[in-house]
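Peer 1: Before anything else, here's the structure in question.
The values are calculated or read from the model by the stated rules, or taken from the named source; none is laboratory data. Computed from a predicted model, the values in this text were never measured in an experiment. All Cβ positions, glycine included, derive from the backbone under ideal geometry; neighbour counts span all protein chains shown. What goes into the accessible areas is simple: the full protein's heavy atoms, side chains included, and nothing from ligands, DNA or RNA. Shrake-Rupley method; radii C 1.70, N 1.55, O 1.52, S 1.80 Å.
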Amino acid sequence: MFFSTKLRNFAPVKIKEVLSALERFAPLPLQESWDNAGLQTGLTETEVSGALLCLDVNERIVDEAIAKGCNLIVSHHPLLFRGLKTISDLTDVQRTTMRAIQQGIAVISMHTNMDNARGGVNWRIAEKLGLSGVEFMSAKLVNGVEAGSGVIGELAEPTAADDFIIAVKKAFGVECAMCNELLRRPIKRVAICGGAGDFLLDEAVKNQADAFITGEMHYHQYFGYEQQIQICVIGHYQSEQYTAEIFEEIIQKECPGVKTVIAETCTNPILYI
């Protein structure tokens, strides 16, 4: 989305204001217990020169932020999943952390809190597929905020399984999808969980979904669902690739005047050969 800061005089925005805007949309209590969403590195009183929006943070992402004049990176996957005992050049995470700090770049990550928030990752997947009537598969209240790990909605028209899979591949630009036996009935009701969502497969069946879309799934979970539900696994990166669009919309709405740039660097570590 193009906009010009020359058209209006905007007050300087600090990193802490962007952080607060993101956390209002997807509060940190919504994250899973094992996660580490929120501020990863940086000084929150610093004014934002620009925000680079991405899925993963690595050295190439930091380099892109530098090249584009951004002193803030907002990612989906946290840079720091676990505590670091050393910050050196031993690992990619250590090198990335050191480079971000040296260059004065703050990193904010919105992970499972953004997965579980209304309007978050799974809602964006549903939007890309044109689903209507989207709701959480199993809603819960966390500190008074509605949340859920997956969503379910309906296609505009019942669709044959092969046509459905072709449409999903087109919407997410994937080279291949991993599926179980093709369903021999039309698909109308679709359950979604971006990333590693195989833990919700039975919940999708319970919610009478005709199809379940996720990013990755264990081999043995494909067994036993023949003609019960159409499984369609499109890749972890691919399923969550549009998350940066959500970040951009939040920042542009809540922090007008902040330059936002969706990263061009592809951080998907998996090659399809």
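Peer 1: Scan region 162-175 and give yes if some residue there is assigned to a strand (DSSP E or B) and surrounded by 13 or more Cβ atoms within 10 Å (Cβ to Cβ), otherwise no.
Peer 2: Within region 162-175, none of the residues are assigned to a strand (DSSP E or B) and surrounded by 13 or more Cβ atoms within 10 Å (Cβ to Cβ).
Peer 1: In region 69-78, is there at least one residue being surrounded by fewer than 17 Cβ atoms within 10 Å (Cβ to Cβ) and either of a type outside the set (D, E) or part of a loop (DSSP other than H, G, I, E, B) (or both)?
Peer 2: Checked against the condition, which is being surrounded by fewer than 17 Cβ atoms within 10 Å (Cβ to Cβ) and either of a type outside the set (D, E) or part of a loop (DSSP other than H, G, I, E, B) (or both), region 69-78 yields at least one hit.
Peer 1: Right, here's the next one. What single numbered condition from (1) within 16 Å of F164 (Cα to Cα); (2) open to solvent by less than 10 Å² (accessible area, probe 1.4 Å) fails to hold for R185?
Peer 2: Condition not satisfied by R185: (2).
Peer 1: Condition first: under 22 Å from T265 (Cβ atoms), among the hydroxyl-bearing types (S, T, Y) and not in a loop (DSSP other than H, G, I, E, B). Can you find one or more residues in region 34-55 that meet it?
Peer 2: yes
Peer 1: Still on this structure, I have one more. When you scan region 40-63, how many residues do you find that are in contact with a Leu (Cβ under 6 Å, 6 or more places away or on another chain) and open to solvent by 10 Å² or more (accessible area, probe 1.4 Å)?
Peer 2: The qualifying residues number 3.
Peer 1: Might you let me know whether region 93-109 holds any residue that is at positive phi, surrounded by fewer than 20 Cβ atoms within 10 Å (Cβ to Cβ) and of a type outside the set (D, E, K, R)?
Peer 2: yes
Peer 1: Going through T214, T265 one at a time, which residue ends up being closer than 30 Å to S75 by Cα and either free of Cβ contacts under 8 Å to residues at least 40 places away in the same chain or open to solvent by less than 10 Å² (accessible area, probe 1.4 Å) (or both)?
Peer 2: Going through T214, T265 in turn, just one is closer than 30 Å to S75 by Cα and either free of Cβ contacts under 8 Å to residues at least 40 places away in the same chain or open to solvent by less than 10 Å² (accessible area, probe 1.4 Å) (or both): T214.
Peer 1: Look through L79, L53 and report the one residue that is free of Cβ contacts under 8 Å to residues at least 60 places away in the same chain and under 15 Å from the mean Cα position of the chain (by Cα).
Peer 2: Result: L79 is the single residue among L79, L53 that is free of Cβ contacts under 8 Å to residues at least 60 places away in the same chain and under 15 Å from the mean Cα position of the chain (by Cα).
Peer 1: Go through region 99-160 and tell me which strands (runs of 3 or more DSSP E), entirely inside it, have 1 or more residues that are polar (S, T, N, Q), within 26 Å of W34 (Cβ to Cβ) and under 20 Å from the mean Cα position of the chain (by Cα).
Peer 2: Qualifying strands (runs of 3 or more DSSP E): 106-109.
Peer 1: Are any residues in region 190-203 of a type outside the set (A, V, I, L, M), over 19 Å from H77 (Cβ atoms) and surrounded by 19 or more Cβ atoms within 10 Å (Cβ to Cβ), and if so, which ones?
Peer 2: Across region 190-203, the qualifying residue is only E203.
Peer 1: Among the numbered criteria (1) of a type outside the set (F, W, Y); (2) open to solvent by 40 Å² or more (accessible area, probe 1.4 Å); (3) farther than 24 Å from S239 by Cα; (4) not in a loop (DSSP other than H, G, I, E, B), which single criterion is violated by V18?
Peer 2: Checking V18 against (1) of a type outside the set (F, W, Y); (2) open to solvent by 40 Å² or more (accessible area, probe 1.4 Å); (3) farther than 24 Å from S239 by Cα; (4) not in a loop (DSSP other than H, G, I, E, B), the one that fails is (2).
Peer 1: Which pairs have Cβ atoms under 9 Å, sit 6 or more apart or on different chains, and link a residue in region 88-111 that is more than 19 Å from E45 (Cβ to Cβ) and at pLDDT below 95 to one that is of a type in the set (S, T, N, Q) and surrounded by fewer than 16 Cβ atoms within 10 Å (Cβ to Cβ)?
Peer 2: What qualifies is S88/Q94.
Peer 1: Looking at (1) open to solvent by 20 Å² or more (accessible area, probe 1.4 Å); (2) out of contact with any Leu (no Cβ under 7 Å at 6 or more places or on another chain); (3) under 15 Å from A191 (Cβ atoms); (4) polar (S, T, N, Q), which is the only condition N122 fails?
Peer 2: (1)
Peer 1: When you scan region 223-251, how many residues do you find that are open to solvent by 40 Å² or more (accessible area, probe 1.4 Å) and either hydroxyl-bearing (S, T, Y) or more than 19 Å from I152 (Cβ to Cβ) (or both)?
Peer 2: Residues flagged as open to solvent by 40 Å² or more (accessible area, probe 1.4 Å) and either hydroxyl-bearing (S, T, Y) or more than 19 Å from I152 (Cβ to Cβ) (or both) within region 223-251 amount to 10.
Peer 1: Now, a different point. List, please: which pairs have Cβ atoms under 8 Å, are six or more places apart or on different chains, and start with a residue in region 153-164 that is modelled with pLDDT of 95 or more and end with one that is of a type outside the set (G, A, S) and part of a helix (DSSP H, G or I)?
Peer 2: Short answer, once both residue conditions are applied: L155/F164.
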